[in-house]
Amino acid sequence: MIRVSTNMMFTNSTLQIAMNQRKLLDLQEQITTNKKINRPSDDPVGAAQASDIKRILETLKQYSSNLDQADIFLTQTEDALTTVAESLVRASEIASGVNNGQSSVTEYQAAKAEIENIRGEILNVANRKVGDRYLFAGYETLNQPFTAAGNYVGGSGQDIEVEIGNREYVTINKCGDDIFTSGTNIFATLDNLINALNAQDQSAIGQQLEYLDNAHAQVVTQIADLGSRANRVSYARDNVDSLNFSYTNMLSNIEDADAVAVSTEFAKQQQIYLSSLEVASRIFQQSFLDFLV
């Protein structure tokens, strides 16, 4: 016959109460945090998987931030160049309008004034900013890329790239010399046209009209390239959003608690805990006489 001492009963009851209380507190924490993994010890394997997924989600967050930056730069650059293309078409219309052999001095001077305004507008566009960063300055984004004379003082061949996927990069900028001064120099063309209008030189005006057409085609080519880049950004955005959705769901499945199941288990465990307290109280209330044979 195995004799059970009072001390042993006390110890076992205390351990049982502590264990039930621990389970109850764990369930209460899950209800409060809505997480079934609140520390690695809760589920070492699940915690490791969750940690890996969180690192992936951080990377996707950075890609998303880079895509936002790319969207802003590409959209602003395209808008700027569309303005330039429209201005060049207007300059060509103005020059053609007076280059008919019948225009008066007043008409030539009015055309000259309009072309001067257009040149000023295009110069403003060439020095456009996004926030405090110049669009067309290459890496020299804090320095104005064009002088009043139309000379380019920004960086050449300086592509600003951002990562929009795993080892996938997109160039988000355009250097000003590639658009405004290389090939057909837009500012030189407009300056020459202004001088030709001032001199009422129909031959020189006609020559600059050809250059204006070339300049317009040059800008349109750059706009088309920006459109291609914007499409890449759009596809990358869809991919990042899809991956973010999938990994977020995976993380939720690993970490998040089932609110209904946990609440049900909590109520059950609460009853077990209260029962263990009741049993213990009955044992501990026994007197010395209860143990006499």
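What to note about this one:
- Of the trypsin sites (Lys or Arg not before Pro) in region 105-172, those whose Cβ has at most 14 other Cβ within 10 Å and which sit in DSSP loop: 167
- Check: region 133-242 dipole with +1 on Lys, Arg Cβ and -1 on Asp, Glu Cβ, in debye: 200 debye
- Taking a Cβ cut-off of under 13 Å around residue 194, the surrounding Lys, Arg, Asp and Glu residues balance to a net charge of -2, with basic ones at +1 and acidic ones at -1.
- Residue-wise HN-Hα couplings along region 139-156, as the Karplus relation 6.51 cos²θ - 1.76 cosθ + 1.60 with θ = phi - 60° gives them from phi, are 6, 7, 5, 9, 10, 4, x, 10, 7, 4, 7, x, 7, 8, 10, x, x, 9 Hz; Gly and Pro carry x.
- Residues whose amide H lies under 5 Å from that of residue 134, counting only those 5 or more places away or on a different chain, are 142, 143; hydrogens are built 1.01 Å from N in the peptide plane.
- 5 angstrom amide H check on residue 169, placed H, neighbours 5+ away: 164
- Think of each Lys and Arg Cβ as +1 and each Asp and Glu Cβ as -1; about the Cα centre, that makes the dipole of region 65-251 roughly 140 debye.
Values quoted throughout were computed directly from the atomic coordinates according to the rules given, and no laboratory measurement underlies them. This one's a predicted model, so the numbers in the text were calculated from it and none came from an experiment. FYI the Cβ positions are ideal-geometry reconstructions off the backbone, even for glycines, and counts take in every protein chain you see.
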